[in-house]
Amino acid sequence: MVLNVAIIGSGFAGLGAAIRLHEARVSDVVIFERASDLGGTWRDNAYPGCRCDVASNLYSFSFAPNPRWSNTFSYQPEIWEYLQDVATRYDLRASIKFNHDVTDISFDANVNLWTVSTSQGRYVARSVILATGGLAEPRLPEIMGVDTFAGPIMHTARWDSSIDLAGTRVAVIGTGASAVQTIPQIAPIVAHLDVFQRTPSWVLPHQGHPVLERTKRLFASFPFAQKLNRVYGYWKRELLLFGFVKDPSRMTRAETIARDHLERQVPDPNLREQLTPSYRLGCKRVLLSNDYYPALVRDNVSLVTDHITRIEPRGVRTTDGVLHECDVIIAATGFFVTDNPMGEKVHGTGGETMAEAWRGDLENYKGTMFPGFPNLFMLSGPNTSLGHSSIIFMLESQLNYVLDALKYALSNNTRIEPTREAAHRWTASLQEKLPGTVWGTGCSSWYLNERGRNTTIWPDFTFKFRAQTRRFELRDHVNVR
Ligand code: NAP
């Protein structure tokens, strides 16, 4: 059987795509999921303390509000449960092929079809939606000797709850979003914790709090009230863009708040200095936490700022020659984002992989389509991530475009791909804008690719992206019957 749409991944993006296709009455849609359960990054990031730093009323589908969020900023178990609930509500489970690890996706230009090879067989599809996300493949630190460590090394996105950390000596490598959430959870139970910091992060106070029972009842009885709350949260976040994009010097106000937060929570001036970033707030992901700094001032926690030279069987060696002995290493070292391994598996019309085309600076159209990859759509594609608001808003915008384009391609039995000119126009306009934003103020971050180009962030108001993805524009596409 030829599928109309093969969706790869069952996280927010894959489920959202399947729901929209179902509503548009597109049949023969299958979601391929490599794991035995759905949920994507919110299934995989089960480390203690994992939480979303965007308010739940905004970090959820606009068409599937959840009046039962227990916290204004939910923790991972509840977000994962939300996705399970959405899958049940929209009857999606039967469309998901679990334990189907996609190994290759190749286009056959003779028949205008994609072949999706999986660990459990091959499938043929008219179109493909890559919904594998930017935070899917954990990046272990590239440190000499990492294979020689005698104990377990676990990445935060591959948390092994069978490893009992109580009373052990633990090393956490990294001080990004995942690290600052898990460190306060494990610090009270371990014998000793060394936190290896390469670059300090800006940390702002967290505003999250439990949702009152009466608020939940209000949201359940009057969905409009929850919608209003969502709209209010949306616009509050859009205003932040004036600092992120229009005038990064406005970030000094937030930097003052972060410095005050640090001063209130860390009495030792030396430690404060080590924790003070030297780059503009916003250049790297801004972190929210009320318990990270208090965890670092505990007697059983040390912040190590000497760089790591190697990992040895008994621990982590730093440039000052000290061996920091430990029983377990936790790598909170992020993901392959700009070099997502999925790119190696997708072959376009010329046989070239998407990764090879990217290395040659493959340009994209609306963060969703690529010349040479017909009827293939990437959700959370290039320059669709955000530093200030909810990625779900961006996803739903992309889905408007994808649905419109797919309906055209399927009903006309045609293959479509953006013209090189249209992709160039789109990509160049963003690349022109990005250096003047806060992300271009000079720091290393996972937003930048190996050539230092920001291929991750959308540098404008999200409502502009919504307007530009509202509909499929045939004139920007090559159309082959
Ligand atoms: P990340 O932000 O990429 O942080 C990785 C950390 O590891 C950085 O501190 C980095 O230092 C350090 N590191 C990497 N390689 C190292 C090495 N060889 N030696 C020493 N340190 C090393 O990764 P993440 O914390 O997993 O977060 C990734 C993204 O996931 C976030 O930015 C966010 O978008 C998302 N996320 C969100 C939440 C949330 O909603 N609250 C929670 C978790 C994750 P440098 O800074 O020097 O590179």
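The values are calculated or read from the model by the stated rules, or taken from the named source; none is laboratory data. Only a predicted model underlies this, so the values are computations on that prediction, with no experimental measurement involved. Virtual Cβ from ideal backbone geometry, glycine too; neighbours counted across all protein chains shown. These accessible areas exclude ligands, DNA and RNA; they are computed on the full protein's heavy atoms, side chains included. Shrake-Rupley method; radii C 1.70, N 1.55, O 1.52, S 1.80 Å.
From the list H192, H209, which residue is surrounded by 18 or more Cβ atoms within 10 Å (Cβ to Cβ), away from the ligand (no atom under 13 Å from the Cβ) and farther than 24 Å from G40 by Cβ?
Exactly one of H192, H209 is surrounded by 18 or more Cβ atoms within 10 Å (Cβ to Cβ), away from the ligand (no atom under 13 Å from the Cβ) and farther than 24 Å from G40 by Cβ, namely H192.
For the range 122-150, give me each residue that is touching a residue at least 12 places away in the same chain (Cβ under 8 Å), open to solvent by 20 Å² or more (accessible area, probe 1.4 Å) and more than 16 Å from the ligand (Cβ to nearest atom).
Y123, V124, R126, A150
Taking the range 243-262 only, how many residues are touching a helix residue (DSSP H, G or I) at 6+ places or on another chain (Cβ under 7 Å) and loosely packed, with under 13 Cβ neighbours inside 10 Å?
Going through the range 243-262 one residue at a time, the tally reaches 0.
Which count do you get for residues in the range 363-386 that are in contact with a helix residue (DSSP H, G or I) (Cβ under 7 Å, 6 or more places away or on another chain) and open to solvent by 20 Å² or more (accessible area, probe 1.4 Å)?
Looking only at that region, the number is 3.
Show the residue pairs that are 6+ apart or on different chains and have beta-carbon atoms under 9 Å apart, the first residue being within the range 418-435 and among the acidic types (D, E), the second being modelled with pLDDT of 95 or more and assigned to a helix (DSSP H, G or I).
Short answer, once both residue conditions are applied: E421/D476.
Considering the range 151-189 alone, what residues qualify as being within 16 Å of the ligand (Cβ to nearest atom) and either modelled with pLDDT under 95 or part of a strand (DSSP E or B) (or both)?
I153, M154, H155, V170, A171, V172, I173
Would you call G343 surrounded by fewer than 21 Cβ atoms within 10 Å (Cβ to Cβ), outside any loop (DSSP other than H, G, I, E, B) and not hydroxyl-bearing (S, T, Y)?
yes
Which condition from (1) open to solvent by 10 Å² or more (accessible area, probe 1.4 Å); (2) touching a Lys or Arg at 6+ places or on another chain (Cβ under 8 Å); (3) not in a loop (DSSP other than H, G, I, E, B) is the one that V5 breaks?
(1)
Looking for whichever is of a type outside the set (G, A, S) and over 30 Å from D460 (Cβ atoms) here; the options are T338, T305, T252, T256. Which one fits?
None of the others qualify; the one that does is T305.
Out of the residues in the range 346-362 that are open to solvent by 40 Å² or more (accessible area, probe 1.4 Å) and outside any loop (DSSP other than H, G, I, E, B), state the one that is nearest to the ligand (Cβ to nearest atom).
W358
State whether one or more residues within the range 36-51 are within 9 Å of the ligand (Cβ to nearest atom), open to solvent by 30 Å² or more (accessible area, probe 1.4 Å), in a loop (DSSP other than H, G, I, E, B) and in contact with a Leu (Cβ under 6 Å, 6 or more places away or on another chain).
no
Quick check on P65: is it part of a loop (DSSP other than H, G, I, E, B), touching a residue at least 40 places away in the same chain (Cβ under 8 Å), within 16 Å of the ligand (Cβ to nearest atom) and open to solvent by 40 Å² or more (accessible area, probe 1.4 Å)?
In short, no.
If you check G315, G282, G321, G334, which single one turns out to be surrounded by fewer than 17 Cβ atoms within 10 Å (Cβ to Cβ) and at positive phi?
So the residue among G315, G282, G321, G334 that is surrounded by fewer than 17 Cβ atoms within 10 Å (Cβ to Cβ) and at positive phi is G321.
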